[in-house]
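A quick write-up on the structure given underneath.
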Amino acid sequence: MSINIGVLLSGSGTTLENLLGYIARGELDGAIQCVVSSRKDAFGLERARRNAIPAIAVPKKEYGDWQAFNDAIWRELDAYNLDLIVLAGFMSKLAVPEKFVNRIMNVHPALIPAFCGKGMYGHHVHEAVIDYGAKISGVTVHFVDEEYDHGPIILQECVPVLDTDTPDSLAERVQAKERELYPKAIQLFAEGRLRVDGRKVYVL
Ligand code: GAR
């Protein structure tokens, strides 16, 4: 079944671009109906426009508090008939309305529950992994709840951390893995093959 996807982002939108590639090649049964950004200047909005996808800015700094910001985000999303919300480098905590429990996904560039939580995004993650001396890192795709990087884990895979790694070289290896794993998880959702029981996600 083809699903209607809404994308939330805050930055450059390489994750969005990757998903658009999968959809264009017929490898992901979905259509991105809208892209909402928490920053006006996010390049991800430009990528959406180039693909004729409605691109909406809800600048976080223009809202007094978290609730008002979230209400504005959901007002935009609710205008579309969405099956799934995909976080693609969205750097804010999201309110999860009841009807979207287990219908919002995030990708995190490490093995949750390590190297995650508030402030752990993008390069901060890879720096922390290298500084700690961890030998493996990886990618986690999970459903979103109202705690950072916390909801039920859908798919998780590891990559090695090499002695010679810099945050940049590790990021590259992790992101290559993200580019496979995120579309795979979304496709499983589209095929109705994810069953959630508490914290556990079963792939049918
Ligand atoms: C991705 O690498 C994603 O794993 C990370 O942000 C990047 C977004 O890149 N997400 C997190 O760190 C979430 N905690 P993009 O803006 O180019 O799509």
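The values are calculated or read from the model by the stated rules, or taken from the named source; none is laboratory data. As the structure is a prediction and not an experimental result, all values here were calculated from the model. Here the Cβ positions follow ideal geometry from the backbone for every residue, glycine too, while neighbour counts run over all protein chains shown. Accessible surface areas use protein heavy atoms only, side chains included; no ligands, DNA or RNA. Shrake-Rupley method; radii C 1.70, N 1.55, O 1.52, S 1.80 Å.
Key figures for this structure:
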item	result
Cβ-Cβ under 8 Å pairs, at least 6 apart or on other chains, segment 131-152 side within 18 Å of Arg199 (Cα to Cα) and small (Gly, Ala, Ser), far side in a loop (DSSP other than H, G, I, E, B) and within 16 Å of the ligand (Cβ to nearest atom)	Gly151/Val144; Gly151/Asp145
Residue in segment 72-117 that is farthest from Gln156 (Cα to Cα), counting only those that are part of a helix (DSSP H, G or I) and without any contact (Cβ under 8 Å) to a residue 12 or more places away in the chain	Arg75
Members of segment 56-105 that are under 16 Å from the mean Cα position of the chain (by Cα) and open to solvent by 80 Å² or more (accessible area, probe 1.4 Å)	Met91
Residues of segment 170-200 classified as farther than 18 Å from Asn18 by Cα, surrounded by 13 or more Cβ atoms within 10 Å (Cβ to Cβ) and touching a helix residue (DSSP H, G or I) at 6+ places or on another chain (Cβ under 9 Å), total	2
Subset of segment 112-123 [open to solvent by 80 Å² or more (accessible area, probe 1.4 Å) and either away from the ligand (no atom under 13 Å from the Cβ) or at pLDDT 95 or above (or both)]	Pro113
Matching residues, segment 127-145, being of a type in the set (A, V, I, L, M, F, W, C) and either outside any strand (DSSP E or B) or surrounded by fewer than 18 Cβ atoms within 10 Å (Cβ to Cβ) (or both)	Ala128, Val129, Ile130, Ala134, Ile136, Val144
Failed item in (1) in contact (Cβ under 8 Å) with a residue 40 or more places away in the chain; (2) open to solvent by less than 20 Å² (accessible area, probe 1.4 Å); (3) of a type in the set (A, V, I, L, M), with Val159 passing the rest	(1)
Among residues of segment 173-182, those that are out of contact with any Asp or Glu (no Cβ under 9 Å at 6 or more places or on another chain) and more than 10 Å from the ligand (Cβ to nearest atom), counted	1
Test result for Ala48, in a helix (DSSP H, G or I), within 24 Å of Met1 (Cβ to Cβ) and within 16 Å of the ligand (Cβ to nearest atom)	yes
